[in-house]
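One structure is given below, encoded as structure tokens.
The values are calculated or read from the model by the stated rules, or taken from the named source; none is laboratory data. Note that the structure is a prediction, hence the values are computed from the model and not measured. Here Cβ is always computed from backbone atoms with ideal geometry, including for glycine, and neighbour counts include all displayed protein chains.
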Amino acid sequence: MGIKYFSEPSLRKPTMIASWPGIGNIGVLAVDTFRQMVMAEAFAEIEPWDFFYPKQVIIRHGRLEDITFPSNTFYFKKTAKKDLIFFVGEEQPSELGREYAEGRKAYQVAELVVEVARKYDCERIYTSGAAVAPVHHTARPRVWAVPNMASLLDEVKRYPNTIRMSDVEERGGEGSITGLNGLLLGVARKHGLEAVCFMGEIPVYLQGLSLSYPKASKSVLEVIGKVLGLSLMMEPISRLAARSEREIESLYNAFPPEIRDQLDKLKYLGHTTPAPSEPGPITEDDKKQILEEIDKFFKNKDDKED
Amino acid sequence: MKGSSLIIGWTEDTGRLGAQSIDSLERNLGFRTFAEIEPVGFFPLGGITVEDDVAQFPVTRFLWSPDSKLLLLCSASPKSEWYRFLNLLLDIAVRYGGIREVFTIGGMPAIVAHTVPREVYLIPNSEGMEESLQGNTLSDDLNYETPEGQRPTLNSFLLWVAKRRGINGAGLWASIPFYLGSVEDAAACKRTLEFFNKRYGLGMDVGELDERISRQNGLLSELRKDSTKADTCIQRVESNLSLSDEEFEELAVEVAEYLKGFDDDIR
């Protein structure tokens, strides 16, 4: 169990940006897009067999040739401004059919990622995931930022289009980040390493669908680019976001009108669009009802499909 | 034991092939349990499941017989820590059996009718094993990659682990008519045991399986007389004609429910 190095790049105080798949694949899409954008080069991987079930068996001419596992790869890129290390996990090492990593394996994987960060003297780690929020898909997703040290709060406040948990109504600065995108913050802190998790907002009614939500990945990428002082080419992810929005729009239009009416109220909830005189501000009861209606809708849909 | 061979069957298998084959070897050749792997860490132990009104519990048993150079393993498929589990079972087999080769048994759902002989493929994990299997039914032209959205079987994972450890191995894949996937397919079991009989000179009488095959085929004939729909679907499979997804599912459910009512008769 460990890390296999293909090369040993010489890096100067790099920043690590890590992500695993999660709701809407928001984090992993942002990080992987960034990685591809700068053409980062693979230099190491986590040996997978202790953590993952194989992904594919390859049989050639009747003989079992090989088995492949989900990849967990480290990449590096030296830029004029900053050296970067990317970590992209294809899967979270879940156990017993759980969707997110937890327990011993998750901890070991987080430790291995931090081991690489420490080996290269990373000055900070950024992770990314999703924030499920009562927002509408037509709104620009905000980015929730959670640092692993109180000393980073003032800095985080200055990031664009970013909020903290305490800015979210009723949260009082509290919440949780499921899986490795969150756990890595804790393990980094244990080793005295600064880390921040950026979570792109995803509408609550999309969280249960197996759809990527690149619109939120784009928001995350914008923040990461700003934080690192890098000018990133946003066109590819913007195109992806636009295409996904069209698909979501057609799904949305297939919702029964009564559910759509409820969901439309999310357009006026909070930060983006001022509420018109009609249909009136959304109340807590409305919010509860919206979520119940959505649950009911998808349950009925699933039952029909079953 | 030195230089023995390990044969592995899993309790959850298409056509119940793995468990059925190991069970037949155990009963006919006087094998007995000599070791078990504790379930902690490999199986969820937050309670038990109930199947056919009976409480289930994951068991991993190694069997040996003083008269044989074989080790058998019958086990539930672990639900976590697969790599550690597979290494552990090979550790035990190497330490107590000095194994030189390993065979895995697995049923493979196929669009074939129960009225045709079962195909058995052997997938070796090394050139050495391939050579030692010459003359048997080999799928030497098979090229396969697990399709997107699916995962390899635990048998493939095990053969890969064995290969990494320098242990020769082969997967024995028997085709099972898809509508017999959730019940015992005695015909596939017979083909499997015939292979081991020949390879290891076991001298095992597989006659009891002929009786079970005949009883199962008899029951399926009865079902075909009673159910036009089932008969039509099976006829189409026999004629290599396609079925819709719905027909696939309905036939599988109908056959499974029908045969389960006669489980004791078949056995």
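Looking at A:Thr33, A:Thr73, A:Thr68, just one residue is of a type in the set (Ser, Thr, Tyr) and within 30 Å of B:Trp173 (Cβ to Cβ), and that residue is A:Thr68. Selection of region B:1-58 for residues being without any contact (Cβ under 8 Å) to a residue 40 or more places away in the chain and polar (S, T, N, Q) yields B:Thr33, B:Thr49, B:Gln56.
Only one of the numbered conditions (1) surrounded by fewer than 23 Cβ atoms within 10 Å (Cβ to Cβ); (2) on the phi < 0 side of the Ramachandran plot is violated by B:Ile8, and that is (1). One residue stands out in region A:68-81 among those that are more than 10 Å from chain B (Cβ to nearest Cβ) and part of a strand (DSSP E or B): the one that is nearest to B:Lys79 (Cα to Cα), namely A:Asn72. Among the residues of region A:157-176, those identified as assigned to a loop (DSSP other than H, G, I, E, B), out of contact with any Phe, Trp or Tyr (no Cβ under 9 Å at 6 or more places or on another chain) and at pLDDT below 85 are A:Glu169, A:Glu170, A:Arg171, A:Gly172, A:Gly173, A:Glu174, A:Ser176. In summary, A:Val187 fulfils each of the numbered conditions (1) crowded, with 23+ Cβ neighbours inside 10 Å; (2) in a helix (DSSP H, G or I); (3) modelled with pLDDT of 95 or more; (4) not hydroxyl-bearing (Ser, Thr, Tyr) with the single exception of condition (3). Of the residues screened, B:Pro147 is not one that is assigned to a loop (DSSP other than H, G, I, E, B), facing another protein chain (nearest Cβ under 10 Å) and crowded, with 19+ Cβ neighbours inside 10 Å. A single entry from B:Gly46, B:Gly97, B:Gly30, B:Gly15 fulfils the requirement of being modelled with pLDDT under 95, touching an Asp or Glu at 6+ places or on another chain (Cβ under 6 Å) and not assigned by TED's automatic domain parsing to the domain that holds B:Leu251: B:Gly15. Selection of region B:41-64 for residues being part of a loop (DSSP other than H, G, I, E, B) and either within 13 Å of another protein chain (Cβ to nearest Cβ) or under 21 Å from the mean Cα position of the chain (by Cα) (or both) yields B:Gly41, B:Phe42, B:Phe43, B:Pro44, B:Leu45, B:Gly46, B:Gly47, B:Asp52, B:Phe57, B:Pro58, B:Val59. Filtered by the rule that a residue be in contact with a helix residue (DSSP H, G or I) (Cβ under 9 Å, 6 or more places away or on another chain) and surrounded by 18 or more Cβ atoms within 10 Å (Cβ to Cβ), region B:24-60 gives B:Ser24, B:Leu25, B:Phe31, B:Ile37, B:Phe42, B:Thr60. Scanning region A:75-89 for residues that are without any contact (Cβ under 8 Å) to a residue 60 or more places away in the chain and closer than 16 Å to A:Leu112 by Cα yields one hit, A:Tyr75.
When B:Pro117 is tested against the conditions (1) more than 9 Å from every other protein chain (Cβ to nearest Cβ); (2) modelled with pLDDT under 95; (3) over 20 Å from the mean Cα position of the chain (by Cα), the lone failure is (3). Yes or no: B:Leu159 within 14 Å of chain A (Cβ to nearest Cβ), within 13 Å of B:Asn87 (Cα to Cα) and not charged (D, E, K, R)? So B:Leu159 passes the test. A Cβ distance below 6 Å, combined with a sequence gap of six or more or placement on separate chains, defines the contacts here; from region B:97-109, residues that are of a type in the set (S, T, N, Q) reach residues that are surrounded by 22 or more Cβ atoms within 10 Å (Cβ to Cβ) in the pairs B:Thr104/B:Ile8; B:Thr104/B:Asn155; B:Thr104/B:Leu158; B:Thr104/B:Gly171. Quick check, is A:Glu65 within 14 Å of another protein chain (Cβ to nearest Cβ) and touching a residue at least 40 places away in the same chain (Cβ under 8 Å)? Answer is no for this residue. The single condition among (1) modelled with pLDDT under 95; (2) outside any loop (DSSP other than H, G, I, E, B) that B:Asp205 does not satisfy is (2). If I go through region B:162-198 residue by residue, how many of them are away from every other protein chain (no Cβ under 13 Å), in a helix (DSSP H, G or I) and either farther than 30 Å from B:Ser239 by Cα or not basic (Lys, Arg) (or both)? Count: 14. Is region B:234-241 home to any residue that is outside any helix (DSSP H, G or I) and surrounded by 15 or more Cβ atoms within 10 Å (Cβ to Cβ)? The answer is no; no qualifying residue exists. Scan region A:104-126 for residues that are modelled with pLDDT under 95 and either farther than 14 Å from A:Arg189 by Cα or crowded, with 20+ Cβ neighbours inside 10 Å (or both) and the total you get is 6. Looking only at residues of region A:190-214 that are in a helix (DSSP H, G or I) and not aliphatic (A, V, I, L, M), we find that the one that is surrounded by the fewest Cβ atoms within 10 Å (Cβ to Cβ) is A:Lys190. Considered as a group, the residues in region A:32-58 that are part of a strand (DSSP E or B) and touching a residue at least 60 places away in the same chain (Cβ under 8 Å) include one that is farthest from the other protein chains (Cβ to nearest Cβ), and that residue is A:Ala44. Taking the conditions (1) of a type outside the set (Phe, Trp, Tyr); (2) within 13 Å of another protein chain (Cβ to nearest Cβ); (3) within 21 Å of the chain's Cα centre (by Cα) in turn, B:Ala93 satisfies each one other than (2).
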